[in-house]
Amino acid sequence: MAEVVSVRFRTAGKLYYFDPLDFEIKKGDHVIVETARGMEYGTVIGERREVAEENIVRPLKPILRIATPEDDEKEADNLAVREEAYKICKEKIAKHELPMKLVEAEYTFDRKKLMFYFTADNRIDFRELVKDLAAVFKTRIELRQIGVRDEIKLLGGVGMCGREFCCHSYLHEFAPVSIKMAKEQNLSLNPANVSGVCGRLMCCLKNEEETYEELNKTMPGVGDTVKTNDGFNGEVVSINVLRQKVRVVIEIKDEKEIREYNASELYFKKKSHKDKEEAISEEDLKALELLEKQEQEDIIETEREQEEEQKEILGSPKNDRNFERKKFDKKNDNSFEGKGKKKEKKDWEKNGPGPQKDDKKKSGNPQKKNNGRYHNNRRESRPRRNGDE
């Protein structure tokens, strides 16, 4: 067990554990912490507590100090400056006619790095854009492509429920969502009713999944035949899962009547989902299948982005680029070596970071030739500047 405090760096951002040392830290305090990308300004979300070793990324980074008034002022300046950086970057994107949408600009606390988050339908070659931005800001530039969920998380807004987006207000991490959850909650399977502003399945479907799963065990479904505790046979016309109420149409002396019962007052045979599938149009079915497919793709992309962000904050298990190469080679049957240049390049673009074997033979040092470096997976570029070592 290790004593930690939870810190986050942006609204509804992921929580990271840090060593509180001997500081008297309480929830809501602003702190300066050491990260793999330098000093950062964060907010303490939880009190000191002990967590299991398997939940900690070692070595545990320390909290350097509780933020001083000077630190608070510097952070406020960073927020103001990034607004100007956003406008300049947007102008440069228009100048280069790049098919990308800028979402947000962000400075590290020490201003050694300026990050721009954007969305795009395809890969973007932004090397010339990076050169222009580096010439303006005189610092390290990183452009990172994000998905539609992350875009909405950063921008914020109000959902159809009238409340602030879950992802922007309190969700620290995205959780997988499925159509099955909508079925459990007796929601209409119209794609417009189960998808959010981002065009993906609503995150809130996950919130009450366990509750509905448990309550549905004692509930009949609409259309089921039931026997009531007062001796009538009837058909279920509507249910209220949370209140455990069921409305049943029964027949009394050749007249039909609707009565409401508690679920515990009914006798019935529980049907499976397959026995009571909702009628869905072919168009809606295709849209739902597309939502499910996009959800699976988003899960993979989100996991990758979270791993990359964690490395930036907490660092890699080894401070060595070759570590990533070995990890990918070990996990995949197709090795980079012996597969030919075309195959190597394709696997590199698909799998992630790692030096290509024939780069020097083909074009010399790519970092010097391109006046920077370009990672398809990390979306990071760093141009050379006067004074660089």
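No lab work stands behind these numbers, since they all come straight from the coordinates. Remember, predicted model here, so these are calculated numbers, not experimental data. Cβ atoms come from the backbone with ideal geometry, glycine included; neighbour counts cover every protein chain shown.
For each of 161, 167, 203, count neighbouring Cβ atoms within 10 Å of the residue's Cβ, then give the residues from fewest to most. If you can, show how the numbers build up before the last one.
Numbers: 161 10, 167 25, 203 20.
Ranked by crowding around the Cβ, least crowded first: 161, 203, 167.
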Evaluate the distance, in nm, between pseudo-label points positioned 7 Å from the Cα of residue 240 and of residue 253 along their respective Cα→Cβ axes. 2.9 nm
Treat each spin label as a single point 7 Å out from the Cα along the C-beta direction, and report the residue 53 to residue 88 distance in nm. 4.8 nm
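If you rank 267, 41 by fewest surrounding Cβ atoms within 10 Å, what's the result?
Details: 267 10, 41 19.
Placing the least packed residue first, the sequence is 267, 41.
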Which loop chymotrypsin sites (Phe, Trp or Tyr not before Pro) in region 124-177, with loop taken from DSSP, have no more than 16 other Cβ atoms within 10 angstrom of their Cβ? 170
Test of understanding: extend the Cα→C-beta vector of residue 213 to 7 Å, then name every residue of region 173-197 with backbone N under 11 Å from that spot. 181
Note down the nm distance, to one decimal, between modelled labels 7 Å out along Cα→Cβ at residue 21 and at residue 97. 5.4 nm
Using modelled amide H (1.01 Å from N, peptide plane; none on Pro or chain starts), what sits under 5 Å from the amide H of residue 103, excluding residues fewer than 5 places away? 117, 118, 119
Alpha-carbon radius of gyration plus Dmax, which is the widest Cα pair, for region 147-232 in Å: 16.5, 57
Of the convex hull enclosing the alpha-carbon atoms of region 218-269, the direction-averaged projected area in nm² is 3.1 nm²
Quick note on 226, 237, 148, ordering by fewest other C-beta atoms within 10 Å, gives 237, 148, 226
Net lengthening on full extension, residue 64/residue 270 (0.36 nm per residue, minus Cα-Cα): 68.3 nm
Cα-based Rg of region 73-145 normalised by 2.2 N^0.38 Å, two decimals: 1.06
